[in-house]
Amino acid sequence: MAERPSAVQEALSKVEDQLSCLVCLEPYTNPRLLSCFHVYCQHCLEDIVAHNRQGQLECPKCRRPTPLPPTGVSGLQAAFNIHHLFDIQETLKKVNKPQKLACEKCSKTTRKATSFCRQCTKFICDLCTTIHKEYEEFEGHEVVTIEKVEGDLIRLVSPKKTSPRCPKHDDIMRLYCEPCGELICIHCTVQIHKDHKYCVIADTFESHKKEILDSLGPVEKQLEATDTALVNLDGRHAEIVDHGGKLATNIHSKFDELHQALYTREGELMAELEGHTQQQLKSLSAQREEVEILQTQRSSCLHFVRESIRTGSPGDVRELVDTFDPNTLEPRETTNTCFVPSAQLVKDSKNFGALCCVNIPSKAITEQKITAYYRFLSAKNSAPPEAKLISKITDQATYCVVKERGKGEYEISYQPTVGGASELIVRVGGEEVAGSPFPVAVKTPIDKLGTVIKTINDLKKPRGVALNQAGEIIVAERDAGIVSIFSPIGDKLRTLDTRGTAVGEMKNPRGVAVDGDDNILVVDAGNHRLLKFSRGGDLIAAVCSHGDGPGQFNRPTGVCVNSVNGKVYVADNGAHCVHIFNSDLTFSSKFGSKGSGNGQFSYPWNVASDCSGCVYVVDCNNHRVQVFSPNGGYLRQFGKRGGGNGELNYPVSICVNSDDLVYVGERGNNRVSVFTCEGVFLKSFGSKGSGPGQFNSPLGIAVDQCGVVYVSDYGNNRVQIFS
């Protein structure tokens, strides 16, 4: 069993607890007193002032500000009580081990101390004790035995009387200036406090002492009030705990009832779902029987007719063919059922949650008005849905009209203002339904094409433009020597920043394209090379040979990837030909030569391919578009020089969309003309200028699956997006 600590040890522990700074947690160093009577080390207070933006001093414990004297933290009043506690601590350490105490007064340090003088604050031997009693010099000193010190620890050490020193003159302040209410030294009476009324501190101490003691009366009352308040707070704490317990019991009781009601509702919904599922399966089973009958009829027909032909008596199968309905083969039931929980629990839990079906268009739409259907399987909770359509290009929201159709069914109609990829967000009770947002592709009719819906500005002479599968916009910036990648909404994501002449670097990027794996292909006219990068920008392959031979370049300006055979086609502007490379950029073949005949070129600027693999080349100085087979065999051409419909003037860019419509950018007419793959003119848009929808050399074109057109406007340092 551990020994109980002595009274001295307990007192020592209590004193040491009061000697640690709350900021640095170390024993006080130069302790300073704040106006809130909290004490901290001088260096800790200086750090607080240094880190305060206004240079103020706030107490770390109570946040009360203390005005700083002109000399800063060092001018604050010293915490004399802390110094006194240090004296007590030192004395307690000695009392704690009295057997090792030697006399601290006489020169015989080997003499054992037997007493303690409170005024000298020293331990003394028997001889010094006798001297204290007999000499007048020590009259008034209180000498007690060490045993008595241990029994009267409260009066262990008398506070030392310290004389404060003047911060300006470093002299003891023995005077009190009455007008200023300050302690001053003798030098202050001549300089700062000249002609002021002052007196010796000792003379005014008694009157001020009484005044200070009288001022403690309100403090004592406030202390009593805080004691009462703490009692009241403890009482209120107990009341709140008790009240909270009662409320918790009530809540548990109510939720037990609600849980039981929800379990009941869960069973109803599960039964409802089971019924709906069985109904769907029954419908599919009936449809399967129909298809099996059709299959039997067609099989018997084939067998009968073939046997009749063999025997010379054919039958007529036209009636059987005419009555065949392909829609019978499409499953009539879908898995678009979803569970929509109620936004709030209502008193009647029988209305919590519902099953609903959503039918949303999921492919390109040609009409501007689109209708979706939202249907509750149970009409008992048919809170109307909220819906809005958001363009992934412009971030523009189209708010939808929701119309009730009866029996828990709603019609959602929306009329998009711009084409392109969009998302339909459907909410019920503030919560998105399962599957939301739903992808919606809004296809712009060709006759309405030509409205600018987005512009990417501040580019440096943009040339080629392409789109990857995520809808990111890839732009070659000639003057910057980089390829920039933007989000569908036009925010810059990353760059292929490899400007230079080394392998994998670019000097004058012109055309860009994307293959089926989202790799980026770039033709660099300045370095006469073809580069292939991953989507993230890592170099995969390169063709870096300058010349007129197979696989060599002389200022290439355009590139495309054939979606049918996967090969890469490069328009070599300076060599007046088109190179064909395999997907790994090994050379395959080339076609074309300088001239104006069929299959010849005069500065071919760009190249594209259609859905059948045919290759389209803009023959710039011959003012035409030539069409070739995938191997480079001449097929046809369209266009002639001019500014009218169907005429071309220095065509420099080309793209073919998924409907095999051909988009041609004309540097001479500063417009984009649209043709069928056979060369029939459909429309054109754009003119010379720098305003919206105008061009200054449209040197790059890309078209997405919705018919949204991306045009790099070279002279205006921008990419314009049209719908």
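Some observations on this one:
- Spherically averaged projected area of the convex hull of Cα atoms, segment 7-155: 11.3 nm².
- Checking the cross-link pairs Lys94/Lys209; Lys448/Lys688; Lys392/Lys688 against a 27 Å limit on the alpha carbon distance flags Lys94/Lys209; Lys392/Lys688 as lying beyond it.
- Spin-label model distance (nm) - Ser413 vs Asn457, 7 Å beyond Cα toward Cβ: 3.8
- The loop-placed trypsin sites (Lys or Arg not before Pro) in segment 41-136, going by DSSP, that have at most 13 neighbouring Cβ atoms within 10 Å of their Cβ come out as Arg53, Lys61, Arg63, Lys108.
- Extension gain (nm, one decimal) between Glu134 and Ser487, 0.36 nm per residue minus Cα-Cα: 117.1 nm
- Loop sites in segment 409-462: trypsin sites (Lys or Arg not before Pro), DSSP, at most 15 other Cβ within 10 Å: Lys460
- Label positions at Lys14 and Ser602, each projected 7 Å from the Cα along the C-beta direction, are separated by 11.1 nm.
- Between Thr204 and Gln191, the contour length at 0.36 nm per residue exceeds the Cα-Cα span by 2.5 nm.
- Selection of GluC sites (Glu not before Pro), segment 627-699, meeting DSSP coil and at most 12 other Cβ within 10 Å: Glu678
- Only DSSP H runs of four or more residues enter the estimate; each adds -39500 (n - 2.57), and after division by the residues of the chain the mean residue ellipticity at 222 nm equals -8500 deg cm²/dmol.
- Stretchable slack from Ala261 to Glu678, in nm (0.36 nm times residue separation minus alpha-carbon distance): 143.2 nm
- In the chain, the alpha-carbon atoms span a convex hull of 417 Å³ per residue.
- Placing pseudo-labels 7 Å out from each Cα toward the beta carbon at Leu281 and Glu211 gives an inter-label distance of 9.9 nm.
None of the figures in this text is laboratory data; all of them are computed from the coordinates on show. Just so it is clear, the structure is predicted and the values come from calculations on it, not from any experiment. Ideal geometry is used to build each Cβ from the backbone, glycine not excepted, and the neighbour counts take in all protein chains shown.
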